[in-house]
Amino acid sequence: MGTTPLPADAHVHTEWSWDAPGGSMLRSCARAAELGLPSISFTEHFDLTRWVIPDQTQEQMQRAPHLVGGDGRFNPPAFDVAGYLDELDRCRTRFPDLRIMTGVELGEPHWFDEEVSALLATDAFERVLGSLHSISHEGEHHIVDDLDAATNPADPEPEDVVRRYLAEALSMVQRCDRFSVLAHLDYPARGWPPRLGPFPIDRFEEELRAVLAALAASDRALEINTRLPMDPRLVDWWCQAGGKRVTFGSDAHEPGLVAHGFADAAAMAVQLGFTQVADDHAWRR
Ligand SMILES: [Zn+2]
Ligand SMILES: [Zn+2]
């Protein structure tokens, strides 16, 4: 490892997220302390979108029947905020030297203004991420985890799905000011079909730059999500759009993945002129 310090992990899930059965807030704190991270933020899912469960994930979803509605759509479970905050307090007591931040990952917050407002009115959350996981098509919502399965047969092309995703991401940034960090703008790269080769980010440069410009204009931060190594071109376009801050998020759903890929991500950010700022989870340029 080089001399670049590891950044704060500003995007971690634990047992309080519906899709993290292997999560543990306590053990994630232990891991963050072991790595010497400046802080860790527990940004659990706040999801309300009832996306159509793709055929490919039917079997996997049936193992968690409470997640499947009778209509074949995803049944998002409620986020137990009180239980989450109690556990976070216990962790702060157990790890007094670790900076532990509250947070939430809002899924498609521009579609649920009322519910998001009610959640944030509690003032419980220090880190608020905005995330797009789904797109809307002919009145239905489709998760874009797997671009071969994301939409109905009328619109099967992965490249079209990515364009729809980025148009929706732009709309989310423009219409919703409830979040301060845009999470995983490269989310569709996770579901890009391997049969089509590496994710062709340059084909989406114009759409990505439009989202980045809107985000920079509203003085928010871009997350470098390390679930996949982020393409440096995306962060470079962020700088060119006038973006001043980046955060780092492992998007870990289990303790062993806290700060996964951070050494490389931090080195890339340094290359692009970002530096760590004391007492801030965001790096600046
Ligand atoms: Zn997410
Ligand atoms: Zn996440």
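Taken about its Cα centre, the chain carries a charge dipole of roughly 880 debye when the Cβ of each Lys and Arg holds +1 and the Cβ of each Asp and Glu holds -1. Computed from backbone phi with θ = phi - 60° and the Karplus coefficients 6.51, -1.76 and 1.60, the 3J(HN,Hα) list for the range 241-249 is 7, x, x, 10, 10, 10, 10, 10, x Hz; x is used for glycine and proline. Each of GLU87, GLU115, GLU138 has some number of other Cβ atoms within 10 Å of its Cβ, and from fewest to most they run GLU138, GLU115, GLU87.
Quick note on the chain: its Rg to Rh ratio, both from C-alpha atoms and Rh being the Kirkwood radius, is 0.94.
Working note: Cα atoms of the range 45-123, range along each principal axis, descending, whole Å: 46, 29, 17.
Rg and Dmax of the range 132-285, both derived from C-alpha coordinates alone, stand at 15.5, 51 Å. By DSSP, the beta bridges lying fully in the chain are antiparallel in about 30 percent of cases.
If you take the Cα centroid of the range 111-151 and the Cα centroid of the range 1-68, the two points sit 16 Å apart. Close amide H partners of VAL68, meaning residues 5 or more places away or on another chain with modelled amide H under 5 Å apart, are ASN75.
Rounded to the nearest whole Hz, the Karplus-based 3J(HN,Hα) values (6.51 cos²θ - 1.76 cosθ + 1.60, θ = phi - 60°) of the range 118-133 follow the sequence 5, 5, 6, 5, 6, 6, 7, 10, 7, 10, 10, 9, x, 9, 10, 10, with x at glycine and proline.
Neighbour counting of Cβ atoms within 10 Å sorts the residues LEU129, LEU234, LEU208, LEU26, fewest neighbours leading, into LEU26, LEU234, LEU208, LEU129.
Projecting the Cα atoms of ALA213, ALA259, GLY72 onto the charge dipole of the chain, computed from C-beta unit charges around the Cα centre, puts ALA259 farthest toward the positive end.
What the Cα convex hull of the range 34-192 gives, in volume per residue, is 145 Å³.
Normalised by 2.2 N^0.38 Å, with N the number of residues, the alpha-carbon radius of gyration of the range 24-63 equals 1.84. Taking other Cβ atoms within 10 Å as a rough exposure proxy, ILE143, ILE224, ILE135 sort from fewest to most as ILE143, ILE135, ILE224. When both the range 156-191 and the range 250-265 are represented by their alpha-carbon centers, they are found 22 Å apart. The equivalent ellipsoid that matches the C-alpha gyration tensor of the range 112-196 spans semi-axes of 27, 14, 10 angstrom, in descending order. The distance between label points at ASP97 and GLU126 comes to 1.8 nm (points 7 Å beyond Cα on the Cα→Cβ vector). With helices as the sole contributors, the chain gives -9500 deg cm²/dmol at 222 nm; each DSSP H run of n ≥ 4 counts as -39500 (n - 2.57), and the sum is divided by every residue.
Rule-based calculations on the coordinates, nothing more; no lab input. Given the structure is predicted, the values throughout are model-derived calculations rather than measurements. Heads up, the Cβs are rebuilt from the backbone with ideal geometry, glycines too, and the neighbour counts pull from every protein chain shown.
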